[in-house]
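Comments concern the structure below.
The values are calculated or read from the model by the stated rules, or taken from the named source; none is laboratory data. This is a predicted model, so every value here is computed, not measured. Every residue, glycine as well, gets a Cβ built from its backbone with ideal geometry; the counts of neighbours run over all protein chains shown.
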Amino acid sequence: MRSSLPDFPWDALAPYADKARAHPDGIIDLSVGTPVDPTPDFIQAELREASNSPSYPVTAGTPELRQSIKSWAVNRLGASGDFDVLPLIGSKELVAWLPTILESSKVLIPEIAYPTYHVGALIAQAESIPVAIDADLWPAADLAWMNSPSNPTGRVHSVDEIRKCIEWSRKHSAVLISDECYLEFDHTATSTSIMALTGGDNRNILAVHSLSKRSSMAGYRAAFMVGDSELIARIRELRKHAGMMVSLPVQKAMTTALSDEQHVAQQRARYNARRDALRPALEACGFTIEHSNAGLYIWCTRNEDAWVSVDWLAQRGILATPGSFYGDKGKNNIRIAMTATDAQINAAVSRLMAE
């Protein structure tokens with residue numbers, strides 16, 4: 001590669017993890033947002049039932065999965081007009097490889113963002129340009145990423161902000177892809193999918209969704225995209241050649257997971273209850289909560305270098321992520337994940353309130 005990749009950011013957390021682990025009552029890891037709540041039993045049962053899978057799966061997805069995704073996109077996202085769908089091996093691989101697949105040369109990414117947006121541009125040898133959500137200020141580019149609710153900030157973009165992004169896409173004939181993997185986890189704000197705002201004209205518009213958090217299926221690597229039929233056809237063709245296909249048992253499990261909303265509501269309630277428990281404890285310790293209206297994270301600051309805050313928490317056996325991992329704009333913030341058990345969250349609250 002002509003452009004070297006950055007160091008894997010979480011490796012830099014290792015010394016602070018060691019410090020937190022030395023706490024008399026052990027470490028409470030609120031850094032990496034990996035789900036800990038069990039995959040619902042009915043999804044596990046479907047995976048087991050489909051485990052005898054000697055044949056190659058189809059890149060495009062089974063007819064049942066495709067219909068399940070399409071119905072969900074209409075009913076949950078408000079999608080209309082002509083659109084297609086495509087299953088993915090988790091959403092991260094799409095984020096990392098889409099600029100390469102589309103041969104992009106200039107990629108816009110959120111100024112505070114999941115690091116893989118930038119890494120994907122580097123892999124494609126493309127220019128990566130951080131931008132604020134105001135699309136009136138965006139330069140011309142081949143591809144732009146939008147992320148609402150945001151990882152790491154939990155910011156929910158307004159309908160007007162999203163519409164301006166769509167206008168930018170149409171003005172520049174550029175691909176706009178909305179990462180909506182946290183759309184199911186509203187708390188004090190209501191999220192809107194980009195697919196509800198295209199007026200049925202989905203040219204150059206894509207949305208990506210994941211079942212990792214929605215259905216506690218991170219280990220399954222199960223995600224999908226929705227949007228422009230012609231664009232998805234191009235992406236699907238390359239993925240067929242490259243062998244980028246979701247295993248058939250996982251496709252069966254995805255179909256089942258998308259048929260049920262009750263387990264999603266239960267999981268949303270868990271995450272929101274954990275946020276409600278942690279927020280006042282953090283505020284009592286001098287942290288100011290910013291955004292954090294949806295998603296799985298609390299984005300906060302004590303107006304000090306993020307690593308100082310990370311170290312302060314590590315001394316209390318709590319591991320958090322420095323906001324600098326998500327761009328220079330986050331250098332004074334930390335991200336705290338709700339992806340811990342209720343018992344661990346309650347223990348973290350107790351440690352914080354003991355201050």
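Structure notes:
- Residue count for region 180-202, restricted to those that are out of contact with any strand residue (DSSP E or B) (no Cβ under 7 Å at 6 or more places or on another chain), aliphatic (A, V, I, L, M) and over 18 Å from E261 (Cβ atoms): 1.
- Residue match in region 64-81 (condition: touching a Gly at 6+ places or on another chain (Cβ under 8 Å) and under 27 Å from Q267 (Cα atoms)): yes
- Summed over region 129-161, the residues that are exposed (fewer than 13 other Cβ atoms within 10 Å of the Cβ), touching a residue at least 24 places away in the same chain (Cβ under 8 Å), acidic (D, E) and assigned to a helix (DSSP H, G or I) give a count of 1.
- Qualifying residue in region 110-117 (condition: assigned to a helix (DSSP H, G or I) and under 17 Å from the mean Cα position of the chain (by Cα)): yes
- Condition met for Y16 (aromatic (F, W, Y), assigned to a helix (DSSP H, G or I) and over 25 Å from E184 (Cβ atoms)): yes
- Filter result for W312 (surrounded by fewer than 24 Cβ atoms within 10 Å (Cβ to Cβ) and in contact (Cβ under 8 Å) with a residue 12 or more places away in the chain): no
- From I129, I89, I101, I123, residue being in contact with a Pro (Cβ under 8 Å, 6 or more places away or on another chain) and closer than 19 Å to V208 by Cβ: I123
- When restricted to residues that are in a helix (DSSP H, G or I) and either in contact (Cβ under 8 Å) with a residue 60 or more places away in the chain or loosely packed, with under 15 Cβ neighbours inside 10 Å (or both), region 77-96 contains 5.
- Any hit, region 286-309, residues being part of a loop (DSSP other than H, G, I, E, B), among the hydroxyl-bearing types (S, T, Y) and either buried (at least 23 other Cβ atoms within 10 Å of the Cβ) or assigned by TED's automatic domain parsing to the domain that holds E184 (or both): yes
- Region 32-67: number of residues that are surrounded by 16 or more Cβ atoms within 10 Å (Cβ to Cβ), of a type in the set (G, A, S) and either modelled with pLDDT of 95 or more or touching an Asp or Glu at 6+ places or on another chain (Cβ under 6 Å) (or both): 3
- Index of the failed condition, R268 passing every other in (1) assigned to a helix (DSSP H, G or I); (2) assigned by TED's automatic domain parsing to the domain that holds K70; (3) in contact with an Asp or Glu (Cβ under 8 Å, 6 or more places away or on another chain): (2)
- Among residues of region 270-287 that are on the phi > 0 side of the Ramachandran plot, those with a beta-carbon under 7 Å from a residue that is among the basic types (K, R) and modelled with pLDDT of 95 or more at least six positions away or on a different chain give the pairs G286/R302.
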